[in-house]
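What follows is one structure encoded as structure tokens, with my remarks underneath.
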Amino acid sequence: MKKVCFVGACGHSGSAMAPIANHPELFSVPAVSPGAPGVVLTGLVKRLSDKGLPSPKVYDDYREMLDKEQPDILVVDAYFCDHAEMSIEGLKRGIHVYCEKPAATTLEDLDRLEAVYQEAKEKGVHFAYMLTTRYDPWFYTAYQAVQQGAIGEIRMLNGQKSYKAGKRGPLFHKRETYGGTIPWVGIHALDWVLWFSGKRVKTVSAVQSSMANNHNGTMEATAICLFQLEDEVVAHINIDYLRPQTAETHGDDRIRIAGTKGVIEVRGGKVYLINGEAEGQRELPLLQPPQIFEDFAASLEGKPSLITAEQSLYFTRVCLTAQKAADTGEIIRMD
């Protein structure tokens, strides 16, 4: 049985809580910590109690929790600005880290995290971020089709992340704690671009605006990023918090990938393919991916995972560089 401790509950920690609660024979949660003043753990603890599991001990200081409880896995889901430091504390102690994205909110913190991970890696310690959309059946299905050659050689990718803004908490109101909309929201679309293409980024440029952000401090409401990838593959992602509150779903996730033999699109939770194998557009049947946290836990036993530490860290670096490009107006080379 693996002991899992949580620090924070600001993002997608539920992606770990669900399989933990469903498999009490595999996981236990001895303790949790808020990670910052004002972080509410009520929902997280309730999910355990609803499954009849013991209530975890609550520590004010997450470092004390790590030292006393010595968990196998640390779930990092605190204020975004603290992700890198908390992950470092876990990795230094030989604890596997499952971290909310972005893995860091500054390039300096990311450099520190990468250095610590490289040392921990030599001791068999694992790290991955919570890129949950890879495990949506529609993106997983499209990825498998692309890997099987359905559209030939990829030449262009266009991704979209659109959310409802709502009234966001103080975490989102300042760059110091939030990190920016590109690394928080845009990282999903950037992840699809790099995951599907398998390419590294050569140059990046970006623009953004905080106007019309529903009075959420300096949170950027719109952004567009343009990437030149290896082999002259081009990609762009558009990100916004302009989705109407009346929309059926919170998000509108899309990607269009054009290749030498066809085009595949994900929109509305469905996958559409056009290529030379049939007339017109076809809707592909959805495949069932593994659950993200179960996939991470399996990787600790040496099994392959959909997300690697190297991807987690590199994709974070690309997003932070895109954020810098938007802040400065520069075209930044990454090769």
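The values are calculated or read from the model by the stated rules, or taken from the named source; none is laboratory data. Because the structure is a prediction, the values reported are computed rather than measured. Using ideal geometry, Cβ is built from the backbone for each residue, glycine included, and neighbour counts are taken over all protein chains shown. Side chains are part of the model used for accessible areas, which takes the heavy atoms of the whole protein and leaves out ligands, DNA and RNA. Shrake-Rupley method; radii C 1.70, N 1.55, O 1.52, S 1.80 Å.
Taking the criterion of being open to solvent by less than 40 Å² (accessible area, probe 1.4 Å), touching a residue at least 40 places away in the same chain (Cβ under 8 Å) and over 13 Å from the mean Cα position of the chain (by Cα), the residues of region 106-137 that qualify are L110, L113, Y117, P137. Among the conditions (1) surrounded by fewer than 20 Cβ atoms within 10 Å (Cβ to Cβ); (2) within 23 Å of I307 (Cα to Cα); (3) within 18 Å of the chain's Cα centre (by Cα), the only one that K202 does not satisfy is (3). Among the residues of region 108-139, those that are touching a Phe, Trp or Tyr at 6+ places or on another chain (Cβ under 9 Å), part of a helix (DSSP H, G or I) and among the hydrophobic types (A, V, I, L, M, F, W, C) comprise L113, A120, F139.
Among the residues in region 40-63, are any within 25 Å of R175 (Cα to Cα) and without any contact (Cβ under 8 Å) to a residue 24 or more places away in the chain? No, there is no match, as no residue in region 40-63 is within 25 Å of R175 (Cα to Cα) and without any contact (Cβ under 8 Å) to a residue 24 or more places away in the chain. The condition (being open to solvent by 20 Å² or more (accessible area, probe 1.4 Å), over 18 Å from the mean Cα position of the chain (by Cα) and on the phi > 0 side of the Ramachandran plot) is satisfied by just one residue among E232, E301: E232.
Filtered by the rule that a residue be farther than 18 Å from E176 by Cβ, of a type outside the set (A, V, I, L, M) and in contact with a Ser or Thr (Cβ under 7 Å, 6 or more places away or on another chain), region 73-94 gives a lone residue, D77. Candidates in region 144-167 are the residues that are within 24 Å of G14 (Cα to Cα) and not aliphatic (A, V, I, L, M); of these, the one that is surrounded by the most Cβ atoms within 10 Å (Cβ to Cβ) is K161. Annotation note: Cβ proximity below 8 Å between a residue of region 283-299 that is free of Cβ contacts under 8 Å to residues at least 60 places away in the same chain and more than 12 Å from F127 (Cα to Cα) and a residue that is assigned to a loop (DSSP other than H, G, I, E, B) and open to solvent by 30 Å² or more (accessible area, probe 1.4 Å) (sequence gap 6+ or interchain) occurs for A298/P290; A298/S305. Scanning region 62-70 turns up no residue that is touching a Lys or Arg at 6+ places or on another chain (Cβ under 9 Å) and hydroxyl-bearing (S, T, Y).
Quick check on L44: is it hydrophobic (A, V, I, L, M, F, W, C) and at pLDDT 95 or above? It is false that L44 is hydrophobic (A, V, I, L, M, F, W, C) and at pLDDT 95 or above. Of the residues making up region 15-34, those that are among the hydrophobic types (A, V, I, L, M, F, W, C), more than 23 Å from the chain's Cα centre (by Cα) and open to solvent by 20 Å² or more (accessible area, probe 1.4 Å) number 1. Filtering region 233-260 to residues that are in contact with a Lys or Arg (Cβ under 9 Å, 6 or more places away or on another chain) and free of Cβ contacts under 8 Å to residues at least 12 places away in the same chain leaves only T249.
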